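Here's the structure, in structure tokens; my notes come after.
The values are calculated or read from the model by the stated rules, or taken from the named source; none is laboratory data. Predicted model only: the values in this text are computed from it and were never measured. Here the Cβ positions follow ideal geometry from the backbone for every residue, glycine too, while neighbour counts run over all protein chains shown.
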């Protein structure tokens, strides 16, 4: 029966088992840091099952996720500020939906909106790393960047932890029962974030 599980389900079950391990927080922190600067997979993929696997540590996991993500955002900012000339070709080639034309449009958005864009990207499925790097390239003031990142990232991850802490085991049972559908919806949200960039006008 175990062999018939789909790969995503096996990864989910394995991630649940990490919650009780000593290094689970380290893995979560590394993923959160990497996602904010270059890695494509959002940390919610690990945060949610870790919280479900150990309800008492849900807010602890959310704190790790938030702090590591903000630090990763600063790394993305530094890439934009100090290494953009080297990284730009790779960035335009490998980040889905992001082109030189879209980046030029993003510059105009920053001129009008600034930190609210960082906040929106930090809380929504829109790829946060694109905005952390763009903030460095465009020289956004560091204080509002850090504040917008800290508030939006914390709001997102602590919301996940609060929902898990409130609904706990019933939520886990629903995820177990409807895992394939939930995985499909989550994947659609992830793709939708990149498509939001693709259709940026």
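Overview of values
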read-out	value
Residue match in segment 98-107 (condition: farther than 22 Å from residue 40 by Cβ, surrounded by fewer than 21 Cβ atoms within 10 Å (Cβ to Cβ) and either touching a helix residue (DSSP H, G or I) at 6+ places or on another chain (Cβ under 6 Å) or touching a residue at least 40 places away in the same chain (Cβ under 8 Å) (or both))	no
Among (1) touching a residue at least 60 places away in the same chain (Cβ under 8 Å); (2) surrounded by 24 or more Cβ atoms within 10 Å (Cβ to Cβ); (3) farther than 18 Å from residue 155 by Cβ, the one test that residue 69 misses	(3)
Listing of helices (runs of 4 or more DSSP H) fully contained in segment 1-80 that carry 3 or more residues being modelled with pLDDT of 80 or more, touching a helix residue (DSSP H, G or I) at 6+ places or on another chain (Cβ under 7 Å) and over 30 Å from residue 133 (Cβ atoms)	none
Residue within segment 97-105 that is more than 13 Å from the chain's Cα centre (by Cα) and closer than 30 Å to residue 22 by Cα present	no
Options 114, 122, 139; residue that is crowded, with 22+ Cβ neighbours inside 10 Å and either without any contact (Cβ under 8 Å) to a residue 60 or more places away in the chain or over 16 Å from residue 35 (Cα atoms) (or both)	122
